[in-house]
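The values are calculated or read from the model by the stated rules, or taken from the named source; none is laboratory data. For clarity, every value in this text was computed on a predicted model and none was experimentally measured. Neighbour counts run over all protein chains shown; Cβ positions are idealised from the backbone, glycine included. Ligands, DNA and RNA are stripped out before the accessible areas are found, and what is left, the full protein with its side chains, is counted by its heavy atoms. Shrake-Rupley method; radii C 1.70, N 1.55, O 1.52, S 1.80 Å.
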Amino acid sequence: MFFLLLLLCNSSAECAASSKTTIRYEALVESRQLRTVLNVDGNITVEKLIPAVMPEKDSMVPYNIEVPITFIRINPPWAPTPEMLRDPDELGIKPFKGGQPGNPIGRIALYPDYKAPKFKYIRMHESPELPQRELSQDENGDLRGYRESHGCVGLYISDAKSIAARLTGLDENEINKWIHSRRSKYLPLKYQATIIFLKE
């Protein structure tokens, strides 16, 4: 699993000076879920669990390496990794421009700052195929995703937009406008964030 730490506002407009809030997104790799944990002035609450596409193999996961998320990109471009280009099953795979239909990382991507070449292509992004999949449930009735990615964490577009809005301080309507423009745009983070994959 991984977690993401950041400072947040108590409202969408401005931060309350008297309160310090952090949030941790835990990617539960085996459970195939993303868990949101809030820490408000030391009071920790689990906000929700959402289904997520997780790395297919443990060798693709940078366990225990905490790095900052540097930016978010709307309508990101995508190109196959060197590993994918060497895979006979991936023959014919092609790059996609930002906003181009069929882009495997969808319309929103968060970029962590991995230095190791093996992990530098990892993103947290929309997974366009997720809505077409039949998902299982855990013992509490929460949906689980599946393990199929090349290292990235894939989310429903609604969850990716919610996270992007939270980290940038932008309204989701503004994010929607950029998505529908099909133009690629960098969104700087208003709140510092880190990401780390951990074993459950």
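Values as computed for the structure displayed
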item	result
Hits in the stretch 149-200 (condition: loosely packed, with under 15 Cβ neighbours inside 10 Å and within 12 Å of the chain's Cα centre (by Cα))	SER158
Hits in the stretch 75-96 (condition: open to solvent by 30 Å² or more (accessible area, probe 1.4 Å), part of a loop (DSSP other than H, G, I, E, B) and free of Cβ contacts under 8 Å to residues at least 24 places away in the same chain)	ALA79, ASP87, LEU91, GLY92, ILE93, LYS94, PRO95
Residue in the stretch 30-40 that is open to solvent by 50 Å² or more (accessible area, probe 1.4 Å) and acidic (Asp, Glu) present	yes
Residue in the stretch 125-146 that is charged (D, E, K, R), in contact with a Phe, Trp or Tyr (Cβ under 8 Å, 6 or more places away or on another chain) and without any contact (Cβ under 8 Å) to a residue 40 or more places away in the chain present	yes
Top-ranked residue of the stretch 106-148 - restricted to ones that are open to solvent by 20 Å² or more (accessible area, probe 1.4 Å) and assigned to a strand (DSSP E or B), ranked as nearest to TYR186 (Cα to Cα)	TYR111
Per-region count, the stretch 48-74, residues in contact (Cβ under 8 Å) with a residue 24 or more places away in the chain and of a type in the set (Gly, Ala, Ser)	1
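Residues are listed down the side, and each one gets a yes or a no for (1) under 13 Å from ILE74 (Cα atoms); (2) among the hydroxyl-bearing types (Ser, Thr, Tyr); (3) touching a strand residue (DSSP E or B) at 6+ places or on another chain (Cβ under 6 Å); (4) at pLDDT below 95:
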site	(1), (2), (3), (4)
ILE163	yes, no, no, yes
LEU167	no, no, no, yes
LEU170	yes, no, no, no
ASN176	yes, no, no, no
SER181	yes, yes, no, no
SER184	yes, yes, no, no
TYR191	no, yes, yes, yes
THR194	no, yes, yes, yes
GLU200	no, no, yes, yes
